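Please read the structure below before turning to the comments.
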Amino acid sequence: MVDPLRVLVIGSGGREHALSLALSRDPAVVELHAAPGNPGSAALGTNHAIDPLDGAVVANLATRLGVNLVVVGPEAPLVAGVADVVRERGIACFGPSAAAAQLEGSKAFAKQVMAAAGVPTARSRECVTHDQVEQALSEFGAPFVVKDDGLAAGKGVVVTNDRRSAVDHALRCRRVVIEEFLDGPEVSLFGITDGHTVRPLQPAQDFKRVGDGDTGPNTGGMGAYTPLPWAPDDLAEEVTRTVLQPTIDEMARRGTPFSGLLYAGLALTADGVRVVEFNARFGDPETQPLLARLVTPLGGLLYAAATGELAAQPELEWGSGAAVAVVLAAQGYPGTPRTGGVITGLDAATSNGSVIIHAGTTVDAQGHLISAGGRVLAVVGLGDDIEEARGRAYTSIGEIQLDGSFYRRDIAAAAARLVVS
Ligand code: AMP
Ligand code: GLY
């Protein structure tokens, strides 16, 4: 028997709404709070307008509310040490310490850990000076891959055949990692861990570029789907063995165990699986379709991870069928988005069972739902297979009106065709 869980979710994006929604389906979760939250989480519990980056403020709120589990969604509060402060108050917290979140906070640190753990990844160089940059670009050749060492909301990586753009990006950053180009489909594989035991989620795929056919700049992610009908059946098991567990063991060995969600961004290359990046939190938007299919009650699972009891948890259980999320973005995204536009059509959009996940939305003084960010919302379509889920997601998003907004038309298109043929 799981004790009744009173949960506070930190963050305000689509990932946090998706987490709150899945938590609300867990019968053990008797109370749900979000800080700062968004209109999606407001419909499921209580929002609290606080600064999510201030550990003391978050811990004070958690104490005042009497919650017994805090779930930290985004990377910025994790890197800022919010989970550490919450745990110091004796409250269970799902999310790594500041030290462990460096796996996402510093690309150079992640590379060092992977090297020590024998985890397969792209060959790379850390560069600070112009000379080092030129040397590394020559060593690896085109396409050039230049990564800002620090957090950059999914926009710090430039992949280009143009050497001058590669150099320009490198010189704009204080320190960069330059690495070999990895050729092959990308997969997101998430592991829930208590610092020792890890439970992989099913693989998902994200669409990072803003435009159809993977064109234009990188974004936080324009859509995602799961499962991957084209991927090897044992992918999650292989990645757990070769990537997740060795990384978790190495972090524990260093005295900075990683508990929370370890996100492996992978390229399936001709030479095998390679890590493209680690993140220290659930992916956005992959979490939206993943949690739509997770049958295992999420609250108990995250509580077990937060309290070091994951080994006692059964394997995760998944629904049959597929889920496809398509992101509705505001005009201008991933540059400065236009905000304040009225959003309509959500009732029609959900009439076929699709789910709306709020991200950059808010409610104005007149009670209208308006846009407030670059990625405004995601529509999650569900179905027996990718094609059906995809059809429903696109039917639904077609019902939504927001001036100037756009979405990619090819999310999960190749995967859907694969299943049909
Ligand atoms: P990251 O923030 O490291 O995930 O990089 C963002 C995106 O850039 C990835 O999802 C890939 O599409 C691309 N990328 C990053 N590193 C590489 C690489 N070594 N080879 C090819 N593409 C890459
Ligand atoms: N979907 C990519 C990310 O969450 O970083």
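Filtered by the rule that a residue be within 16 Å of ligand 2 (Cβ to nearest atom) and touching a Cys at 6+ places or on another chain (Cβ under 7 Å), segment 96-148 gives a lone residue, D148. Taken over segment 230-272, the residue count meeting the criterion of being in contact with a strand residue (DSSP E or B) (Cβ under 8 Å, 6 or more places away or on another chain) and either away from ligand 2 (no atom under 16 Å from the Cβ) or assigned to a helix (DSSP H, G or I) (or both) is 16.
For segment 212-229, residues that are open to solvent by less than 40 Å² (accessible area, probe 1.4 Å), in contact with a Lys or Arg (Cβ under 7 Å, 6 or more places away or on another chain) and either assigned to a loop (DSSP other than H, G, I, E, B) or within 15 Å of ligand 1 (Cβ to nearest atom) (or both) total 7.
Kindly evaluate D84 against the criterion of being of a type in the set (D, E), open to solvent by 20 Å² or more (accessible area, probe 1.4 Å), more than 15 Å from the chain's Cα centre (by Cα) and closer than 16 Å to S259 by Cα. Spelling it out, D84 is indeed of a type in the set (D, E), open to solvent by 20 Å² or more (accessible area, probe 1.4 Å), more than 15 Å from the chain's Cα centre (by Cα) and closer than 16 Å to S259 by Cα. When restricted to residues that are of a type outside the set (A, V, I, L, M) and open to solvent by less than 40 Å² (accessible area, probe 1.4 Å), segment 365-393 contains 6. Among the residues of segment 274-303, write down those that are over 18 Å from the mean Cα position of the chain (by Cα) and within 13 Å of ligand 1 (Cβ to nearest atom). The answer is R274, and nothing else.
Residues that are more than 25 Å from P203 (Cβ to Cβ) and of a type in the set (D, E, K, R) were ranked within segment 299-354; the one that is surrounded by the most Cβ atoms within 10 Å (Cβ to Cβ) is R338.
Does any residue of segment 190-198 turn out to be under 17 Å from E277 (Cβ atoms), in contact with a strand residue (DSSP E or B) (Cβ under 6 Å, 6 or more places away or on another chain) and within 11 Å of ligand 1 (Cβ to nearest atom)? No, segment 190-198 contains no residue that is under 17 Å from E277 (Cβ atoms), in contact with a strand residue (DSSP E or B) (Cβ under 6 Å, 6 or more places away or on another chain) and within 11 Å of ligand 1 (Cβ to nearest atom). A search for C-beta distances below 9 Å between a residue of segment 395-421 that is modelled with pLDDT under 95 and any residue that is surrounded by fewer than 17 Cβ atoms within 10 Å (Cβ to Cβ) and not in a loop (DSSP other than H, G, I, E, B), counting only pairs 6+ apart in sequence or on different chains, returns A416/G391. Selection of first residues in segment 196-214 that are closer than 15 Å to A414 by Cα and of second residues that are away from ligand 1 (no atom under 16 Å from the Cβ) and part of a strand (DSSP E or B), restricted to Cβ pairs under 8 Å at least 6 apart or on distinct chains, gives the following pairs, ordered by first then second residue: A204/T226; Q205/T226.
The values are calculated or read from the model by the stated rules, or taken from the named source; none is laboratory data. This structure is a prediction, so every number in the text was calculated from the model and none was measured. We place every Cβ from the backbone using ideal geometry, glycine too, and count neighbours over all the protein chains shown. What goes into the accessible areas is simple: the full protein's heavy atoms, side chains included, and nothing from ligands, DNA or RNA. Shrake-Rupley method; radii C 1.70, N 1.55, O 1.52, S 1.80 Å.
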